[in-house]
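Single-structure report; data block below.
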Amino acid sequence: MVVLAYAISAVLAAAIMSPVLVSFWGSVTTSSAMGTASEVGPGWSKLEAKGDDVFKERTRAQTGWFTTLWFRYVFRVYGDTILFSLRLALVSIVLTIALGVAAGYGLVRYTFPGKSLLEEVVLLPMSVPGIAVAIALIQAHTTLRPTWYIILAGHLLYTMPFMIRAVTNTLRSFDFVTLEQAAASMGASWSQRIRWVILPNLKHAILVGSLLVFAISLGEFNASFLLNTPTNQTYPAALYDTYNLDSFQVSSAATTIYMLVLLPALIAIQYVGGRELQEASQGA
C-alpha cells in the first residue's frame, strides 16, 4: 500500500508539474530550440512604433538555446496590466477585510429575521457563472462601465464570501460572546472589545481570507473578461491575448510571470491555514 501511495503521488506530481515545466522551458528558449517562429503579436508593432530599440534584437531569438526576450516583451507590453491586477487585488483585500469582518461578526453575534437566508445569499455569487455576474453588473451599473470600479465590484462579489466564511467559521469555533462580556464587565467599551478581544482572535482568519482574496482576485477571468475596458485590462485577460495572438514562447513567459506572483500566496495559504488547523486541534 505504501508503494502504491508513493506511485500515485508521483503520478499526480508529474501531472501537475509537467505544464509548469513546459511553460518555464518555453519562456526561456529561442524559436529555433522550440521549433516555432511566430512572433507576430500586436505588441511587437506597438513597441517598434514607439522606437523601442531593444526589441529589434528579436531576430537574435531565432538562434541559440536561451533568451530573456520573451519576459522583456511581456513586461513592456503588459507591465501596466500586471500592476493593475496587483492593485485590484490589494484593494479587494482592504475592502473585504473592512466589510467582510464586520459582516461576519454581525451574522454570528446578532439574531435577526432572515439571518440564515442572508448568509446563504452572500455565498450565492460563488455558484453563479461569471458571464451572468458580468452582464448583471453592466446592466445594473451602466455609469460605472467605463471605469475600473465595475471590475472591482465583480471581484468583490467573488472574494467577499471567502472572507465572510473565514470570519464566521472562526467566531463559531469559540465562545467570543463570553469574552466580550468579561471585557465589558471590566469597563471595556465596544470599540475596545473589538480591538482587543475580537480582532486578535480573528487574525489567522483574516490572514487566510486575505491570501484567498488575493489569489482569487489575481486569477479571476470569467467576469473580468467582459468587464474589462481597453484602458483597464486584468492580467488573466492579457494571458488570454498572449495565447491567441502571440507565440508559444511569449504566452509561456506570461504564464510563468503569473505563477511566480501567485505561488508565494498559495504557499502562504498552505502554511498559515495548516498552522491554524494545528493550533485549533491543540486547543481542543
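The values are calculated or read from the model by the stated rules, or taken from the named source; none is laboratory data. Fair warning: this is a prediction, and the values are worked out from it, not measured in the lab. Here the Cβ positions follow ideal geometry from the backbone for every residue, glycine too, while neighbour counts run over all protein chains shown.
Counting just the residues of the range 147-162 that are among the hydroxyl-bearing types (Ser, Thr, Tyr) and part of a helix (DSSP H, G or I), which one comes out nearest to residue 94 (Cα to Cα)? Per the criteria, the residue is 159. Filtered by the rule that a residue be at pLDDT below 85 and either surrounded by 13 or more Cβ atoms within 10 Å (Cβ to Cβ) or within 20 Å of the chain's Cα centre (by Cα) (or both), the range 142-159 gives 144, 145.
Residue pairs whose Cβ atoms lie under 9 Å apart, sitting 6 or more positions apart in sequence or on different chains, and linking a residue in the range 137-157 that is touching a residue at least 24 places away in the same chain (Cβ under 8 Å) and within 17 Å of residue 218 (Cβ to Cβ) to a partner that is part of a helix (DSSP H, G or I) and of a type in the set (D, E, K, R), are 148/87.
Restricted to helices (runs of 4 or more DSSP H) entirely inside the range 176-284, those with at least 1 residues that are at pLDDT below 85 are 235-245, 248-283. Tell me, please, whether a residue that is surrounded by fewer than 16 Cβ atoms within 10 Å (Cβ to Cβ), of a type in the set (S, T, N, Q) and under 24 Å from residue 24 (Cβ atoms) can be found in the range 239-247. Scanning the range 239-247 turns up at least one residue that is surrounded by fewer than 16 Cβ atoms within 10 Å (Cβ to Cβ), of a type in the set (S, T, N, Q) and under 24 Å from residue 24 (Cβ atoms). Restricting attention to the range 102-141 and to residues that are in a helix (DSSP H, G or I) and of a type in the set (Ser, Thr, Tyr), the residue that is farthest from the chain's Cα centre (by Cα) turns out to be 116.
Checking each residue of the range 58-71 against the condition of being over 16 Å from residue 246 (Cβ atoms), of a type in the set (D, E, K, R) and modelled with pLDDT under 70 gives at least one match.
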